[in-house]
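The values are calculated or read from the model by the stated rules, or taken from the named source; none is laboratory data. Quantities reported herein were computed from a predicted structural model and do not represent experimental measurements. Glycine also receives a Cβ, built like all others from the backbone with ideal geometry; neighbour counts cover every protein chain displayed. Protein only, heavy atoms only, side chains kept; ligands, DNA and RNA dropped before computing areas. Shrake-Rupley method; radii C 1.70, N 1.55, O 1.52, S 1.80 Å.
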Amino acid sequence: MSGNGTKNTVLIVENSNTQARIITEHIESVTPFDSIVVNSMDGLEDVFANNAEDIFIAVLNLNIKGAPDGEAVDYVLARKIPCIVLTSTFDEDIRNRFIEKNVLDYYNKSRREDLEEMVDLIRRIHSNHEIKVVVAEDNSTARKIMSNLLERLNFTVLAANDGAQALEIIKSTPDIKMLLTDYEMPNLDGFELVSEVRKMYSRDQLSILGVSAHDSGAITAKFLKRGANDFLKKPFEVEEFSWRVTNNLNELERIRSIKDGYSRDPLTGFPILSAFLEKGREVFKEMIRSGKTPALAAFNIDSLLEINAAHGWDAGSAAVKKAASLLEQHSFGWVLSARCDRGFFILAEDGNVLRDDLSAVKAALASSQIVSGSARFMASASFVISKDPVADMDQAMSKVANGLSASQSRAINSYSFI
C-alpha cells in the first residue's frame, strides 16, 4: 500500500441511512476526516468514476443494494483501497473468507465499543504511512508475509534478511519506530540484534517485537530481558499480528504524549523554556556551522502586572493566551519557539521574515479585545530580534531579553533589531 499523502476522506458503504449517519457522525466528531456515504453498488461505482481521489479507507456493510454478498468489498479492494467490514452478524466462515481477502478488520456495527475501536483503526491507518518498520527475518516466505501485513496497515516497511542487515538499516535510518525480529538468523541472531538496538534506542523510543516458532518459554523471556517490548509466536493469526503491532505503537505514542505534555506550557501549548534550550542550543550551533545567521526574538506582552492589577490576575493569562494563538497562526517556517515569563522566544532562519511575522502579530494583538471573565480590555506587545552573529544561543537570548527590557523602559509598543 502506498502512502496516503494528504488523503482525508473515509468512504462509508451502508444501506441503512440511520446506521450511515451514526457512523459518519462518530467519525467526523472525533477525527479531522471527511466522509462520503453510498448505499448501493451503483452509488459506489459512481464515486469511483467521479471523486475517489481523496479516499484513503473504506468502511463497508457486506449486504447493500446490488451487492448482497460482499461484492462491494471485492470492488473496493481491487482499487487498492483498504477496507473495514461492518456487519450485525458474523460467523467463523465469514471471518475466514474476508481475512483471506485482506480486509483490515471486521466490527459489529450495533456495538458502540466496536465503532470506537473502528475509528481508532481508521486514525491509525491514516498516520501509519509516516512510520517506518524494520522486519528482520532470514526466511523469505515469513519475511514476505510480515512485510505484506505491515504494508496492508499502511506502514513503510524496510526488510532485512538477517540481523546484521537490520542493524545497518536502523543505524542509517534514524526515524525507525518498530523492529520485528526473528530469533534464529545468520550473522546476528535476534537476541544479539535486540541488544545492539537497545544500545541506541530505549523501549519508549523504538518498539521491538520478537518473533519465533519455538515453543520454549525461555525464548520469550530472553527476548524480553534483552529489551523487546513484546513477543509474537509463529504461526500467528492476522488479527493478533495487527493488534500487537498497533498496540505497541499506541504505547509509544502514549509515552511520547506524556513526555510532550511535560515539555509544554499548559496555558499556551508552546514548549516550555527548558525544552527550547535543550533542543535549541544544538540547532543554533548547527545553523552557524552551516553558514547561517540565526534570528532569535523575544516577544513580550506589555505591562502584564498593570493588566493583572486592573482586570484581575486571570487577565494577564488571557492576554498571553491570545498572543500565543496569534503567534501560532504566523509560525510557519519558524525553527523553534517557547513560552517564557512574560512572553515568548522564537528562533528562525530569516530575521526579516520573522520581523514581518511578529509585526503582524503585534498589530493583530493591538486591535483585539481580550476577554477575561467580565473584563474586556486591550493589550499591546513589544519584540526585539537579534540577527547579528553571536557565539551561542544563550548569548543571543540574553541580548534580546536585555534589549527588550531597555526598549520597553523607553517606549511601550515597540520593536527593534539588535
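A few remarks follow.
- Of the residues 349, 137, ranked by 1.4 Å probe accessible area with the largest first, the sequence reads 349, 137.
- Accessible area of region 277-389 divided out per residue, in Å², using a probe of 1.4 angstrom: 48
- The label point for residue 97 and the one for residue 375, both projected 7 Å from the Cα toward the Cβ, are 6.8 nm apart.
- Gain in span if fully extended, residue 17 to residue 239, counting 0.36 nm per residue against the direct Cα distance: 77.0 nm
- The relative contact order of region 1-97 comes to 29 percent, based on Cα pairs under 8 Å that sit 6 or more residues apart.
- Within the accessible area of region 64-170, the carbon and sulfur atoms contribute 44%, probe 1.4 Å, all protein chains present.
- At a probe radius of 1.4 angstrom, the accessible area of region 191-268 per residue rounds to 54 square angstrom.
- For region 260-331, the carbon plus sulfur part of the accessible surface works out to 53%, probe radius 1.4 Å.
- Relative packing of 236-244, 336-344, 284-292, 385-393, which averages over residues the other C-beta atoms within 10 Å, highest first: 336-344, 385-393, 236-244, 284-292
- GNM result for the chain, Cα springs below 10 Å: residue of 27, 84, 258 fluctuating most strongly: 258
- Given +1 at the Cβ of Lys and Arg, -1 at the Cβ of Asp and Glu and no other charges, the dipole of region 221-266 around its Cα centre is 380 debye to the nearest 20.
- Under the shape rule built on the C-alpha gyration tensor, where the axes satisfy a ≥ b ≥ c, region 151-230 is rounded, since a/c falls short of 1.5.
- Using a cutoff of 8 angstrom between alpha carbon atoms and counting only pairs six or more residues apart, the relative contact order for the chain works out to 9 percent.
- Per-residue ellipticity at 222 nm computed for the chain from its helices equals -15500 deg cm²/dmol, with DSSP H segments shorter than 4 residues left out and the rest contributing -39,500 (n - 2.57).
- 31 Å Cα-Cα threshold exceeded, pairs from 132/321; 132/279; 80/279; 7/387; 80/259; 171/259: 132/321; 80/279; 7/387; 80/259
- For region 310-363, relative contact order (Cα pairs under 8 Å, six or more residues apart, normalised by length) works out to 31 percent.
- Region 17-132, accessible area per residue, ligands and nucleic acids excluded (1.4 Å, Å²): 50
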